[in-house]
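The values are calculated or read from the model by the stated rules, or taken from the named source; none is laboratory data. Just so you know, these numbers come straight off a predicted model, no measurement behind them. Here the Cβ positions follow ideal geometry from the backbone for every residue, glycine too, while neighbour counts run over all protein chains shown. To get the accessible areas, we keep the full protein, side chains included, count just its heavy atoms, and leave off ligands, DNA and RNA. Shrake-Rupley method; radii C 1.70, N 1.55, O 1.52, S 1.80 Å.
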Amino acid sequence: MAQDEDAIARPIESRDELVAYLEAGCKPRTDWRIGTEHEKIGFRRDDLRPVPYENDRSIQALLEGVAERFGWEQVMEAGNVVALKDPCCEHGGNITLEPGGQFELSGAPLTNIHETATEVSTHLRQVREVAEALNIGFLAIGFSPKWTLAETPVMPKQRYKIMRRYMPKVGRLGRDMMFRSATVQVNLDFSSEADMVKKLRVGLALQPLATAMFANSPFTDGKPNGFLSYRSELWRDTDPDRTGMLPFAFEDGMGFERYVDYALDVPMYFIKRGGEQLDVAGESFRDFMEGRLPALPGERPAMADWSDHLTTLFPEVRLKHFLEMRGADSGPQPRLCALPALWVGLMYDQTSLDAAWDMVKKWTHEQRETLRDEVPRHGLNARVGRHKVGTLSREMLAIARHGLQARDFRDADGNDESSYLEPLETIVAENRTPAEWLLEKYHGEWDGDIDHLFEEIAY
């Protein structure tokens with residue numbers, strides 16, 4: 001362990017070390033795991049207001065309550081509890097805070113979706129148990145539906161202060177993304193550089209289809225915003241340097257080196273030193289590699305700095321020691337399990353991965369970009385050429401179902417993992433996204449009163 005820590009702290013000497021860092025993520029198939037992350041938006045049940053960080057009914061009280069009741073370890077920053085760590089095992093889950101107080105479970109690396117379902121259920125039970133005593137609820141939705149950005153609380157994390165200052169310099173909607181959106185995503189492994197590239201390409205090409213099936217953010221400031229996934233739309237005007245569909249990933253020669261070159265050219269946010277985070281927003285990691293960073297003249301980065309920098313890239317699929325599928329709005333418990341089931345079914349069975357690649361390999365750059373641009377507004381009715389996203393999603397789900405059945409992981413009742421796809425198969429069969437269902441309620445029985453949403457989809 002000490003040797004690993006020394007390696008992390010030692011100054012990086014060459015670009016090759018950055019490539020080797022990504023390459024170290026390669027794992028044999030027997031070691032592939034599933035890491036699911038999901039966010040939820042807290043509210044006070046009595047007045048439907050956002051939950052502040054401090055007071056007797058707060059995010060702080062919620063974190064402290066979960067830690068005390070269920071044995072989680074508190075993670076502190078500048079005297080504030082900002083996260084919880086599962087002390088039971090080395091690779092356990094974490095509970096973290098997004099900038100506006102979105103409550104996130106970063107799940108442990110698990111073997112199958114049945115374990116994911118148990119993890120999600122346990123987490124929600126624990127959080128509800130503490131939250132109910134505080135009269136706090138959570139919305140299963142992709143974007144804060146009622147409160148303005150000014151009304152949204154700010155969590156006391158240094159990283160978020162730096163990002164908050166920088167965001168308006170590079171896009172119009174970055175602060176809305178930070179403080180008001182909520183997602184569910186899954187982290188998946190790869191066996192080799194070639195396997196990583198194929199999964200990255202499939203993930204990028206099909207990410208808009210996942211966005212459509214999970215579209216669940218049609219309201220802003222108490223009224224419809226004109227989109228089905230406004231959370232997804234936000235990323236189109238957040239920061240072009242670090243978001244998007246990574247067109248270079250489909251070019252010849254794609255591999256770990258090409259991703260390193262991309263990451264080197266993404267401006268930095270911060271550097272951690274002595275418990276503090278230095279604001280270096282907009283500076284170049286390439287300059288840092290040469291010892292020319294104005295904030296730390298003559299100093300070169302350590303591998304921990306590179307690891308931190310990789311977390312500040314936000315493409316639709318992100319590469320670290322694993323691949324992160326980032327295109328889905330958050331939602332209710334069944335869809336929190338459906339998201340990892342979808343991508344595991346596509347990625348962890350070779351026949352299914354090959355079929356998914358055959359499905360998208362002839363799509364052009366323009367088609368992929370057009371699809372990404374149209375899905376936030378049109379959902380399942382967006383098109384790739386002559387084909388509607390709804391039709392393509394049905395094909396995608398069939399491939400995923402085959403992959404999950406081939407894995408043949410069964411629960412105590414004998415069900416394989418494909419059962420977790422059922423919420424998505426219903427959405428596609430009805431050609432109606434979750435957002436469209438909410439909009440029907442809003443224009444119908446809710447009579448334009450957004451407050452009914454808090455009764456309809458709260459945890």
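Exactly one residue out of Arg172, Arg180 is crowded, with 20+ Cβ neighbours inside 10 Å and either within 19 Å of Pro267 (Cβ to Cβ) or of a type outside the set (A, V, I, L, M, F, W, C) (or both), and it is Arg180.
Restricting segment 184-243 to residues that are open to solvent by 10 Å² or more (accessible area, probe 1.4 Å) and of a type in the set (Ser, Thr, Tyr), the residue that is nearest to Asp451 (Cα to Cα) is Thr220. As a summary of the residue check, Pro434 satisfies the conditions (1) touching a Lys or Arg at 6+ places or on another chain (Cβ under 9 Å); (2) open to solvent by less than 30 Å² (accessible area, probe 1.4 Å); (3) touching a residue at least 40 places away in the same chain (Cβ under 8 Å); (4) over 18 Å from Phe227 (Cα atoms) except for the one numbered (4).
Only helices (runs of 4 or more DSSP H) whose full extent lies in segment 333-437 are considered here, and the ones with at least 1 residues that are closer than 26 Å to Leu110 by Cβ are 333-347, 350-360, 389-407, 422-430. Number of residues in segment 120-158 that are under 17 Å from the mean Cα position of the chain (by Cα) and over 21 Å from Arg231 (Cα atoms): the value is 1. Taking segment 223-255 as the range and being over 13 Å from Asp329 (Cβ atoms), in a helix (DSSP H, G or I) and within 19 Å of the chain's Cα centre (by Cα) as the test, the residues that pass are Arg236, Asp237. Within segment 447-457, the set of residues being outside any helix (DSSP H, G or I) and surrounded by fewer than 17 Cβ atoms within 10 Å (Cβ to Cβ) comprises Asp447, Gly448, Asp449.
Any residue at all in segment 252-272 that's open to solvent by 40 Å² or more (accessible area, probe 1.4 Å) and among the hydrophobic types (A, V, I, L, M, F, W, C)? No, segment 252-272 contains no residue that is open to solvent by 40 Å² or more (accessible area, probe 1.4 Å) and among the hydrophobic types (A, V, I, L, M, F, W, C). Limited to segment 397-428, what total is found for residues that are open to solvent by 10 Å² or more (accessible area, probe 1.4 Å), closer than 23 Å to Gln207 by Cα and within 26 Å of the chain's Cα centre (by Cα)? Summing the residues that are open to solvent by 10 Å² or more (accessible area, probe 1.4 Å), closer than 23 Å to Gln207 by Cα and within 26 Å of the chain's Cα centre (by Cα) in segment 397-428 gives 13.
Those residues that are open to solvent by 10 Å² or more (accessible area, probe 1.4 Å) and of a type in the set (Val, Ile, Thr), I need them from segment 297-350; list them, please. Hit for segment 297-350 is Thr311, nothing else. Restricted to segment 65-82, and to residues there that are within 21 Å of Asn135 (Cβ to Cβ) and touching a residue at least 24 places away in the same chain (Cβ under 8 Å), the residue that is least open to solvent (accessible area, probe 1.4 Å) is Val66.
One residue alone among Leu62, Leu18 is at pLDDT 95 or above, over 30 Å from Asp261 (Cβ atoms) and not small (Gly, Ala, Ser), and that residue is Leu62. Do you know which residues across segment 99-122 are open to solvent by less than 10 Å² (accessible area, probe 1.4 Å) and in a helix (DSSP H, G or I)? Matches in segment 99-122: Ile113, Thr116, Val120.
Scanning segment 77-122 for residues that are modelled with pLDDT under 95 and either touching a His at 6+ places or on another chain (Cβ under 9 Å) or of a type in the set (A, V, I, L, M, F, W, C) (or both) yields Ala78, Cys88, Cys89, Gly93.
Quick grid of which residues meet (1) without any contact (Cβ under 8 Å) to a residue 60 or more places away in the chain; (2) farther than 25 Å from Asp358 by Cβ; (3) out of contact with any strand residue (DSSP E or B) (no Cβ under 7 Å at 6 or more places or on another chain):
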| position | (1), (2), (3) |
| --- | --- |
| His402 | yes, no, yes |
| Gln405 | yes, no, no |
| Asp408 | yes, no, no |
| Tyr420 | no, no, yes |
| Pro423 | no, yes, yes |
| Thr426 | yes, yes, yes |
| Glu430 | yes, yes, yes |
| Leu438 | no, yes, yes |
| Gly444 | yes, yes, yes |
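The set of residues in segment 8-55 being closer than 30 Å to Lys198 by Cα, open to solvent by 70 Å² or more (accessible area, probe 1.4 Å) and of a type in the set (S, T, N, Q) consists of Thr30 alone.
With respect to the conditions (1) without any contact (Cβ under 8 Å) to a residue 40 or more places away in the chain; (2) open to solvent by less than 10 Å² (accessible area, probe 1.4 Å); (3) at positive phi, Gly379 lacks only one, and its number is (1).
Pairs linking a residue in segment 382-400 that is closer than 11 Å to Leu209 by Cβ to a residue that is part of a helix (DSSP H, G or I) and among the charged types (D, E, K, R), with Cβ atoms under 8 Å and 6 or more positions apart or on different chains, are Ala382/Glu374; Leu397/Glu425. Residues that are assigned to a loop (DSSP other than H, G, I, E, B) and crowded, with 19+ Cβ neighbours inside 10 Å within segment 138-151 comprise Ala140, Ile141, Gly142, Ser144, Pro145, Lys146, Trp147, listed in sequence order.
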